[in-house]
Amino acid sequence: MPDQPTAPTITIEDLSAKIAWIEPNYNYGSVTSYIIKIAAEASDVFTEELVNCDGSDQTITQQKYCLVPLSVLRAEPYSLLFDSLIRTKLTACNLNGCGEESDANTEGALIQTEPDVVVTMVEGLQTDEANLHV
């Protein structure tokens, strides 16, 4: 079985959280998959994100990271609020079984939101040749 991995690192890339990790010592059997879990808001309940971060996907296993849209993290089952730490855990598996789950990260990216739509601007009454009033 693989050793316990170190806690994943979380960064923001475009409008997604990038969950990245270092492959642990795999003890005579290459890592074949990972179990990647994300914590719900103000909770120690960690849930697998199988749509965007399926650790059995060989592309994700080989690149050692996955991207989860921030909109997914703000929705159920995670419900992360603005400025909350995105907390994750990781387990490595090989043909001999799955190793011990990593500790959760204690630092890293915070949840963000997309900017609101800009209100349509209108030329104000005080506009003249030298000033633009909106």
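The values are calculated or read from the model by the stated rules, or taken from the named source; none is laboratory data. These numbers were taken from a predicted model, which means no experiment stands behind them. Reconstructed Cβ throughout: ideal geometry from the backbone, glycine too, with neighbour counts over all protein chains shown.
Kindly list, by first and then second residue, each pair from a residue in segment 26-46 that is closer than 18 Å to P8 by Cβ and touching a residue at least 12 places away in the same chain (Cβ under 8 Å) to a residue that is in a loop (DSSP other than H, G, I, E, B) and among the aromatic types (F, W, Y), limited to pairs with Cβ atoms under 6 Å and residues at least 6 apart or on different chains.
The qualifying pairs are I38/Y78; A40/Y78.
Which of the residues that make up segment 1-25 are assigned to a loop (DSSP other than H, G, I, E, B), free of Cβ contacts under 8 Å to residues at least 60 places away in the same chain and either among the polar types (S, T, N, Q) or within 18 Å of A104 (Cα to Cα) (or both)? Let's see the steps before the verdict.
Step one: of segment 1-25, the residues assigned to a loop (DSSP other than H, G, I, E, B) are 1-8, 14-15, 21-25.
When the remaining residues are screened for being free of Cβ contacts under 8 Å to residues at least 60 places away in the same chain, the result is 14, 22, 25.
Matches in segment 1-25: I22, N25.
Being touching a residue at least 12 places away in the same chain (Cβ under 8 Å), over 16 Å from A20 (Cβ atoms), hydrophobic (A, V, I, L, M, F, W, C) and part of a loop (DSSP other than H, G, I, E, B) is the filter here; which residues of segment 85-134 pass it?
Correct list: L95, I111, M121, V122, V134.
Evaluate segment 30-41: report whether one residue or more is hydrophobic (A, V, I, L, M, F, W, C), out of contact with any helix residue (DSSP H, G or I) (no Cβ under 6 Å at 6 or more places or on another chain), part of a helix (DSSP H, G or I) and modelled with pLDDT of 95 or more. Don't jump to the end; show me each part of the working.
Restricting attention to segment 30-41, the residues satisfying the condition of being hydrophobic (A, V, I, L, M, F, W, C) are 31, 35-36, 38-40.
Right, trim to out of contact with any helix residue (DSSP H, G or I) (no Cβ under 6 Å at 6 or more places or on another chain) and you get 31, 35-36, 38-40.
Those still in the list that are part of a helix (DSSP H, G or I) too: none.
No, segment 30-41 contains no residue that is hydrophobic (A, V, I, L, M, F, W, C), out of contact with any helix residue (DSSP H, G or I) (no Cβ under 6 Å at 6 or more places or on another chain), part of a helix (DSSP H, G or I) and modelled with pLDDT of 95 or more.
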